[in-house]
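Read through the structure below, which is laid out as structure tokens, and then see the notes.
The values are calculated or read from the model by the stated rules, or taken from the named source; none is laboratory data. As the structure is a prediction and not an experimental result, all values here were calculated from the model. Cβ coordinates were reconstructed from backbone atoms using ideal geometry, including for glycine residues, and neighbour counts include every protein chain displayed.
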Amino acid sequence: MNMVFILVEPATPENVGATARAMKTMGFHELRLVNPCDHLSGPARWLAHASNDILEQAQVFATFGEAVSDIDFLIGTSAKQRLVKEDYLSTRELAGLLRDKGDTVKRPAIVFGREDSGLRNEELRRCDLVSTVPLQTTYPSLNLAQAVMLYAYELSTLNLPATPELRERNENGFRSLKEKTASVLLELNFREDSAIYPRILERLNLLGEGDIHLLHSICNKYFEKNHPE
């Protein structure tokens, strides 16, 4: 696994710099930015301190969709629970969940929204699951850089090594299972706008490696029976 950190439309260079510093401190190196402010400005570099290499190597994308196109497990973050998802995980639960995924997930990412409004509902729907930071009080809330630091700290327990660029499709991985399950549901006449369709796909996100492989076998048997060559 190689965890990717994504900032969507960050408006404050200092937050981007502090994000780079938090990432490098916790052993992460891949930063992606969607339509950002000047992330190479003086204030950003000053806050990054000894992490300017992360700023300089950050990939910049024009849209959210482009930034996550090769991600096979996407974790959204939100300051509060919304109706977009039913399952919200705390920062403390993420490392264990990702560890249980084993080799079924090669390129996970965690995405942070705008300083003033966070991620939009359509962006959260694109995420496999959504996480929140459990707080004792609702105000004052964490700023962007503080939130990144907390997530980087919790995820650093995975001891994720840097890996080469991974663009190939993982046929036995989590993303492939999600696509197969969606196809089965549609063939069984569960429409995308039904209540059960998104709920089943959402519950898949909590499965561990063994269950993912098991469901791959079930889906493959279904397609062999119903779509023989």
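What to note about this one:
One line per residue, one yes/no per condition, for (1) assigned to a helix (DSSP H, G or I); (2) touching a strand residue (DSSP E or B) at 6+ places or on another chain (Cβ under 8 Å); (3) closer than 26 Å to A95 by Cα; (4) modelled with pLDDT of 85 or more:
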position	(1), (2), (3), (4)
E168	no, no, yes, no
E171	no, no, yes, no
R175	yes, yes, yes, no
K178	yes, no, yes, no
S183	yes, no, no, yes
L186	yes, no, no, yes
N189	no, no, no, yes
S194	no, no, no, yes
L201	yes, no, yes, yes
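- Members of segment 6-26 found to be within 20 Å of I75 (Cβ to Cβ), surrounded by 19 or more Cβ atoms within 10 Å (Cβ to Cβ) and touching a Lys or Arg at 6+ places or on another chain (Cβ under 7 Å), listed by number: I6, V8
- Qualifying residue in segment 76-94 (condition: in contact with an Asp or Glu (Cβ under 7 Å, 6 or more places away or on another chain), closer than 20 Å to E115 by Cα and touching a residue at least 60 places away in the same chain (Cβ under 8 Å)): yes
- For I110: the one exception among (1) over 17 Å from V16 (Cβ atoms); (2) in a strand (DSSP E or B): (1)
- Residue within segment 66-74 that is in a helix (DSSP H, G or I) and either in contact (Cβ under 8 Å) with a residue 12 or more places away in the chain or out of contact with any Pro (no Cβ under 8 Å at 6 or more places or on another chain) (or both) present: yes
- Those residues of segment 38-74 which are acidic (D, E) and closer than 30 Å to G173 by Cα, in sequence order: E66, D70, D72
- Looking across segment 122-146, the residues that are outside any loop (DSSP other than H, G, I, E, B) and either under 30 Å from L214 (Cα atoms) or within 15 Å of the chain's Cα centre (by Cα) (or both) come down to E122, E123, L124, R125, R126, L129, V130, S131, T132.
- The numbered conditions (1) modelled with pLDDT of 90 or more; (2) within 15 Å of the chain's Cα centre (by Cα) are all true for M149 except (2).
- For segment 49-91, filtered to residues that are more than 15 Å from the chain's Cα centre (by Cα) and basic (K, R), the residue that is modelled with the lowest pLDDT is R82.
- Scanning segment 80-104 for residues that are part of a loop (DSSP other than H, G, I, E, B) and either closer than 23 Å to I196 by Cβ or touching a helix residue (DSSP H, G or I) at 6+ places or on another chain (Cβ under 8 Å) (or both) gives Q81, R82, L83, V84, K85, E86, D87.
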